[in-house]
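The values are calculated or read from the model by the stated rules, or taken from the named source; none is laboratory data. From a predicted model like this one, the values you see are computed outputs, not experimental measurements. Cβ coordinates were reconstructed from backbone atoms using ideal geometry, including for glycine residues, and neighbour counts include every protein chain displayed.
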Amino acid sequence: MSLWSEILKNVFKKPVTIEYPKVKTPIEKDFRGLQYADLNKCNGCSLCAIECPSKAIEMRKLPEDIKLKHNPRGLYPVINYPSCVFCYRCVTICPVNAYITKNEYRLATETEKLLSDTLSLQTLKSGGA
Amino acid sequence: MTETVLQIPISLEIPIGPQHPALHEPVMLKVYADGEEVVKVEINTGYNHRGVEKLFEMNSFYKGVFISARICGICNTVHANVYVRGIEQLLGLEPSPRAKYLRVLAMELERIHSHMIINAIMAEILGFDTLFMLIMRDRELVMKAKEILTGGRVLADYYMPGGVRRDIDDVKKDRILDILKKIRPRLEYYKKLFEVDPTITNRLVDVGVLKPRDITLHGLVGPIARGSGVKTDVRAEDKYEVYGEIPWNVITRSEGDSLARMLVRWDEAIESLNMCEYILTHLPGGQAVVDERKLPRVLPLGEAFTRVEAPRGELTYYIIGSGRDRPYRVKVRTPSFHNIINSGFSYLGYSIADVPVILVSYDPCISCMERAILIKDGEKKYVSLRDIVNMKRVR
């Protein structure tokens with residue numbers, strides 16, 4: 001009889017490990033996670049692309065309908081997250097502090113998180129040039 | 001090699017590795033056994049060569065700070081520290097006292113978790129998997145402390161010539177102190193367990209005994225030397241950063257067997273914990289973070305030689321400045337290079353089952369030590385890419 005009670009107890013017991021997708025992993029606010037350029041500040045100087053140790057940043061032309069006064073060359077950095085090593089050299093070297101940093105570390109799950117172009121272009125809509 | 005083996009009447013050649021359940025690193029031990037007794041060990045490396053020294057020469061010296069941290073995952077802060085100190089020697093920069101304290105804090109936190117992981121792996125090799133899980137669980141606390149300090153759980157990327165890359169405030173300081181308080185009883189418990197538990201002591205006592213003469217003859221460094229009673233520690237000899245100001249002791253043991261080496265690591269972890277607590281309570285004020293935009297862009301002509309006590313032993317960097325933005329040459333000499341390649345003699349006379357135990361007690365770090373240098377009959381030979389291609393063709 002005790003065997004059955006033990007089996008039933010174990011069937012309905014929660015596992016001792018952290019149930020990851022339901023329970024979030026505790027992470028620091030300033031953990032080095034996802035980062036992208038704020039196009040309201042970025043002036044397209046390309047310093048982050050030159051200084052990147054893993055060559056993960058590519059300077060691309062802005063879409064043709066977007067003209068920014070502070071960005072005469074019309075370039076903006078696009079980070080390739082699979083090759084980024086998250087050293088934050090681009091964040092610290094930026095002369096206008098244009099980078100937005102987040103503690104997001106789950107980058108393998110969604111395909112739109114492969115490149116930073118959508119995130120960067122969204123900053124223009126929200127902030128206004 | 002083959003001729004000498006043929007002289008032994010009955011010997012069996014057993015390859016252990018490079019992928020083997022009893023090894024956690026890609027190294028190949030070719031063990032020749034007479035019955036159960038090991039009569040000869042050949043150590044073959046080259047499975048993890050990545051050409052890091054060439055990468056240093058091809059990239060600017062600021063990129064080198066991050067490349068050096070990626071040589072080894074577990075001891076990344078010591079690699080970055082010793083590289084950055086070499087660059088500082090060339091540039092003539094001097095970090096502030098607060099930056100020096102924070103640098104030592106990051107390195108000592110890393111020493112704690114490095115010593116914990118090798119003891120956990122030793123428990124796993126012995127078949128004591130529960131202890132492996134327990135030590136790895138408590139190691140997460142140290143990783144959390146490192147995350148609070150540097151912003152990365154494993155790769156710190158904390159160093160920059162002239163200082164550190166982020167500072168801590170009082171809230172973070174208290175949180176790290178709380179974590180250290182939780183770790184202390186666990187470290188003391190594990191140390192006692194390694195001393196008294198028969199599962200561990202039966203496998204480790206009198207296995208892989210190294211006399212002090214062997215240590216000096218074969219140039220072994222780090223906890224291996226200290227486990228055999230050789231009092232050598234770069235932190236005490238060079239007193240780099242602020243090791244001269246922090247009270248601490250060099251741990252030595254006289255037994256020289258595998259257990260002594262593991263116990264030296266537990267004692268050092270407790271000693272590092274004391275140092276971390278001292279640093280956090282005596283942290284000087286001032287500016288620690290360096291503005292990376294105002295640093296010089298050219299590495300002047302000259303050479304720098306720096307060394308550091310990594311968790312595995314003495315680690316040295318030799319940097320030649322070229323007068324351009326990239327170094328002319330960076331030579332990395334890691335502790336595992338000595339401890340693994342030179343230690344083939346120490347397996348002789350023990351049984352085959354002892355080979356993984358002895359190897360793990362040396363704390364191998366193969367990704368650190370892979371260099372394209374052949375040392376044969378005492379003379380040194382550098383191998384170029386063309387030579388490697390030709391070798392492949394011949395075989």
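Looking at the range B:1-105, what strands (runs of 3 or more DSSP E) fall wholly within it and have at least 2 residues that are surrounded by 17 or more Cβ atoms within 10 Å (Cβ to Cβ)?
Once the strands (runs of 3 or more DSSP E) in the range B:1-105 are filtered for at least 2 residues that are surrounded by 17 or more Cβ atoms within 10 Å (Cβ to Cβ), what remains is B:28-34, B:37-44.
Select the strands (runs of 3 or more DSSP E) contained entirely in the range A:24-106, then report the ones holding at least 2 residues which are touching a residue at least 40 places away in the same chain (Cβ under 8 Å) and surrounded by fewer than 20 Cβ atoms within 10 Å (Cβ to Cβ).
A:99-101
Output the qualifying pairs, or none if there are none: Cβ atoms under 9 angstrom, residues six or more apart or on different chains, first residue in the range B:186-202 and among the acidic types (D, E), second residue in a helix (DSSP H, G or I).
Close Cβ pairs (under 9 Å, with a partner that is in a helix (DSSP H, G or I)) amount to B:E188/B:W266; B:E188/B:I270; B:E195/B:T201; B:E195/B:L259; B:E195/B:L263; B:E195/B:W266; B:D197/B:L131.
B:V5 - would you say it is over 25 Å from the mean Cα position of the chain (by Cα) and modelled with pLDDT of 85 or more?
no
Provide a single number: the residues in the range B:25-64 that are among the acidic types (D, E) and in contact with a helix residue (DSSP H, G or I) (Cβ under 8 Å, 6 or more places away or on another chain).
Counting residues in the range B:25-64 that are among the acidic types (D, E) and in contact with a helix residue (DSSP H, G or I) (Cβ under 8 Å, 6 or more places away or on another chain) gives 2.
Scan the range B:150-161 and tell me whether some residue there is among the β-branched types (V, I, T) and within 14 Å of chain A (Cβ to nearest Cβ).
Within the range B:150-161, one or more residues are among the β-branched types (V, I, T) and within 14 Å of chain A (Cβ to nearest Cβ).
Quickly run through the range A:8-19 and pick out the residues that are loosely packed, with under 10 Cβ neighbours inside 10 Å and either within 20 Å of A:T101 (Cα to Cα) or away from chain B (no Cβ under 14 Å) (or both).
Scanning the range A:8-19 gives A:K9, A:N10, A:V11, A:F12, A:K13, A:K14, A:P15, A:E19.
So, B:K172, is that one among the charged types (D, E, K, R), part of a helix (DSSP H, G or I) and closer than 20 Å to B:S96 by Cβ or not?
yes
Within 11 Å of chain A (Cβ to nearest Cβ), of a type in the set (A, V, I, L, M, F, W, C) and more than 24 Å from the chain's Cα centre (by Cα): does that describe B:I168? Outline the logic, then answer.
Numbers: within 11 Å of chain A (Cβ to nearest Cβ): yes; of a type in the set (A, V, I, L, M, F, W, C): yes; more than 24 Å from the chain's Cα centre (by Cα): yes.
It is true that B:I168 is within 11 Å of chain A (Cβ to nearest Cβ), of a type in the set (A, V, I, L, M, F, W, C) and more than 24 Å from the chain's Cα centre (by Cα).
Out of B:A269, B:A288, report the one residue that is in contact with a strand residue (DSSP E or B) (Cβ under 6 Å, 6 or more places away or on another chain) and buried (at least 18 other Cβ atoms within 10 Å of the Cβ).
One residue alone meets the criteria, B:A288.
Considering each residue of the range B:234-246, count those that are exposed (fewer than 15 other Cβ atoms within 10 Å of the Cβ) and part of a loop (DSSP other than H, G, I, E, B), and give that number.
So the count comes out to 2.
When the residues of the range B:168-183 are narrowed to those that are exposed (fewer than 15 other Cβ atoms within 10 Å of the Cβ) and of a type outside the set (A, V, I, L, M), which ends up nearest to B:S351 (Cα to Cα)?
The qualifying residue nearest to B:S351 (Cα to Cα) is B:K182.
Among the residues of the range B:31-42, is there at least one that is within 14 Å of chain A (Cβ to nearest Cβ) and either of a type outside the set (K, R) or in contact with a Lys or Arg (Cβ under 8 Å, 6 or more places away or on another chain) (or both)?
Checked the range B:31-42: no residue is within 14 Å of chain A (Cβ to nearest Cβ) and either of a type outside the set (K, R) or in contact with a Lys or Arg (Cβ under 8 Å, 6 or more places away or on another chain) (or both).
What are the residue pairs meeting all of these: first residue in the range B:163-177, first residue under 27 Å from B:R293 (Cα atoms), second residue basic (K, R), Cβ atoms under 7 Å, and 6 or more apart or on different chains?
Close Cβ pairs (under 7 Å, with a partner that is basic (K, R)) amount to B:V164/B:R103.
Among the residues of the range A:80-98, what is the count of those that are touching an Asp or Glu at 6+ places or on another chain (Cβ under 8 Å) and more than 11 Å from chain B (Cβ to nearest Cβ)?
2
Which members of the range B:52-92 meet the condition of being away from every other protein chain (no Cβ under 14 Å), in contact (Cβ under 8 Å) with a residue 24 or more places away in the chain and not charged (D, E, K, R)?
B:C72, B:I74, B:C75, B:V78, B:N81, B:V82, B:G86, B:I87, B:Q89, B:L90, B:L91
Is it the case that some residue within the range B:218-233 is in a helix (DSSP H, G or I), in the same structural domain as B:T306 (by TED's automatic domain parsing) and among the polar types (S, T, N, Q)?
no
Only one residue in B:V142, B:V196, B:V209, B:V221 is hydrophobic (A, V, I, L, M, F, W, C), more than 30 Å from B:T281 (Cβ to Cβ), more than 14 Å from chain A (Cβ to nearest Cβ) and buried (at least 22 other Cβ atoms within 10 Å of the Cβ). Which one? Break it down stepwise before answering.
Details: B:V142 fails: more than 30 Å from B:T281 (Cβ to Cβ); B:V196 fails: buried (at least 22 other Cβ atoms within 10 Å of the Cβ); B:V209 fails: buried (at least 22 other Cβ atoms within 10 Å of the Cβ).
Result: B:V221 is the single residue among B:V142, B:V196, B:V209, B:V221 that is hydrophobic (A, V, I, L, M, F, W, C), more than 30 Å from B:T281 (Cβ to Cβ), more than 14 Å from chain A (Cβ to nearest Cβ) and buried (at least 22 other Cβ atoms within 10 Å of the Cβ).
Going by what's in this entry, would A:T118 be described as within 13 Å of chain B (Cβ to nearest Cβ) and either within 15 Å of the chain's Cα centre (by Cα) or crowded, with 19+ Cβ neighbours inside 10 Å (or both)?
Numbers: within 13 Å of chain B (Cβ to nearest Cβ): no; either within 15 Å of the chain's Cα centre (by Cα) or crowded, with 19+ Cβ neighbours inside 10 Å (or both): yes.
In short, no.
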